[in-house]
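Scroll down for the structure; my scribbles are underneath it.
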Amino acid sequence: MRCLLGGAVVLAAMVAAPVIAAADGLTSDLPDLGTPLPTQGAVPALSGFGLGVGWNVLTVPHVPSVDLGHGASTPRRAGTFTGFDMFEYVGLGGSSYGWFDFAMLRFTVDGAVGGTAGDDFMAGGTRYTDGSMLDIQFSVPAPGIGYRQRTWLVSAQLDPTLDLFDGTFYDTSATTAATTTPSGTKLQLELAVDVQACMQYNAFGFMERNSAACVVVAPVVYRDGFMQGATVGLRVFAL
């Protein structure tokens, strides 16, 4: 009886061994459940060509003075702006994991939502009220550098930008026959440093290129003075 039991145990072990080995081989081919599926075999984010969109908040300690005409200019005051970005990027080198190079174009439209940039002011005996300020930015292409892991990536890029401030105010003084809306613009060159941390994912689970969701911080190194505020925001790269 002991011999029979011993033989049965040996036989069961002989049958189970290849099954267990096959199962181990199968599970080794499956993606790590702790890693988003899109990183498996897809081209990493920020390689090749792609597009992105974002939302940002910009703080400006001294909004540039905008000439409204007739001798009136807006005072330099603090402002908080928010709005949306559009991006186009191209990978310049390193299409897999590790170090990579890229360049990015950015177009941003922000409106003033806080601070005193749009507050009433007096100029030449006239009171200007209910102001609105826009900040329109178009970045000049500049190289950036980053590092990818399987799921995450970080990057930094110099961000030279053409920065157009647009101001519109109401003139309701008694000397005018009707309310007027004087407005003006101020174009400046800005230099910022764009730093972002991103998580790679795949928008639909089967695309050839991974997307990325990013948190960004971009201090303004120079705009008519050093350390002129900063941008924080969220952005998504896809396609």
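Odds and ends about this structure:
- Surrounding net charge for Asp130, when Lys and Arg each add one and Asp and Glu each subtract one, Cβ distance under 13 Å: -2
- Mean separation of Cα contacts under 8 Å (6+ apart) over length of segment 106-236, as relative contact order %: 18
- Projecting the Cα atoms of Thr126, Val154, Gly115 onto the charge dipole of segment 92-157 (Cβ charges, centred on the Cα centre) puts Val154 farthest toward the positive pole.
- Of the chymotrypsin sites (Phe, Trp or Tyr not before Pro) found in segment 191-229, those in coil by DSSP whose Cβ has at most 15 other Cβ atoms within 10 Å are Phe204, Phe206.
- Restricting the calculation to Cα atoms, segment 95-239 yields a radius of gyration followed by a Dmax of 20.5, 67 Å.
- Rounded to the nearest Hz, the phi-derived 3J(HN,Hα) couplings of segment 56-68 under the Karplus curve 6.51 cos²θ - 1.76 cosθ + 1.60 (θ = phi - 60°) are 9, 10, 10, 9, 10, x, 9, 5, x, 6, 10, 6, 9, where x marks glycine and proline.
FYI, it's all coordinate maths here, none of it is from the lab. Please read these numbers as outputs of a predicted model, since none were measured by experiment. No Cβ is skipped: glycine too gets one built from the backbone with ideal geometry, and neighbour counts run over all protein chains shown.
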